[in-house]
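What follows is a single structure, written as C-alpha cells, with notes after it.
The values are calculated or read from the model by the stated rules, or taken from the named source; none is laboratory data. No experiment lies behind these values; they were computed from the predicted model shown. All Cβ positions, glycine included, derive from the backbone under ideal geometry; neighbour counts span all protein chains shown.
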Amino acid sequence: MSKTEMISMGAAFVLGFWLVSMLLRLFSQRDTAAPGAAGQAPHMPGADVAQARWFEVLEVDEGATLEEISAAYKRRISQYHPDKVQQLGPELVALAEARARAINAAYDVAMRLRPRA
C-alpha cells in the first residue's frame with residue numbers, strides 16, 4: 001500500500017468519524033430539547049402532548065383497537081429495549097431510553113383512554 005493510499009484512508013476515516021459524531025450529537029440534542037424550544041413541539045412528547053399524540057408515537061390510527069395498540073406497543077418498545085442497545089454507546093443508549101419512556105407514556109395514555117371490553 002502506497003503512502004498516498006494510506007493518507008487517503010486515514011483522511012476518510014477521520015472525516016467519517018467526524019460526520020457520524022456530528023449526526024449523533026444533532027439527533028440527541030433534538031430528542032432532549034426543552035418542550036416548546038424554538039417554537040416547535042418536542043420530538044418526544046411529554047405528558048400533555050402524549051395524550052394528544054399517543055397514536056403517532058405508537059404508529060397506529062387514533063381509533064385503533066386494544067389489540068392493535070398492544071401489538072404496536074410491543075413492536076415499538078422492542079426496538080428500544082435497554083438490553084438491545086446496551087452495547088451501542090452512551091449516546092444511543094440515552095436516545096433509546098428517551099424513546100422508550102415516550103413509548104411507555106403513550107401506551108399508558110392509550111390504555112387510560114380506551115375502555116376495556
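Please state which one of Ala38, Ala47 is under 14 Å from Arg112 (Cα atoms), at pLDDT below 55 and of a type outside the set (Asp, Glu). Break it down stepwise before answering.
Values: Ala38 fails: under 14 Å from Arg112 (Cα atoms).
Result: Ala47 is the single residue among Ala38, Ala47 that is under 14 Å from Arg112 (Cα atoms), at pLDDT below 55 and of a type outside the set (Asp, Glu).
Which members of region 5-28 meet the condition of being under 16 Å from the mean Cα position of the chain (by Cα) and either surrounded by 11 or more Cβ atoms within 10 Å (Cβ to Cβ) or at pLDDT 80 or above (or both)?
Once the filter is applied, which keeps residues that are under 16 Å from the mean Cα position of the chain (by Cα) and either surrounded by 11 or more Cβ atoms within 10 Å (Cβ to Cβ) or at pLDDT 80 or above (or both), region 5-28 yields Leu24, Arg25, Phe27, Ser28.
Any residue in region 13-38 that's closer than 17 Å to Arg99 by Cα and part of a helix (DSSP H, G or I): show its pairings with residues that are at pLDDT below 80 and not aliphatic (A, V, I, L, M) at Cβ separation under 8 Å, as long as the two are six or more apart or on different chains.
Pairs that qualify, where the first residue is closer than 17 Å to Arg99 by Cα and part of a helix (DSSP H, G or I) and the partner is at pLDDT below 80 and not aliphatic (A, V, I, L, M), are Arg30/His43; Asp31/His43.
Can you find, within region 55-88, the residue that is modelled with the highest pLDDT among those that are within 12 Å of Asn104 (Cα to Cα) and polar (S, T, N, Q)?
Ranking the candidates gives Ser70 first.
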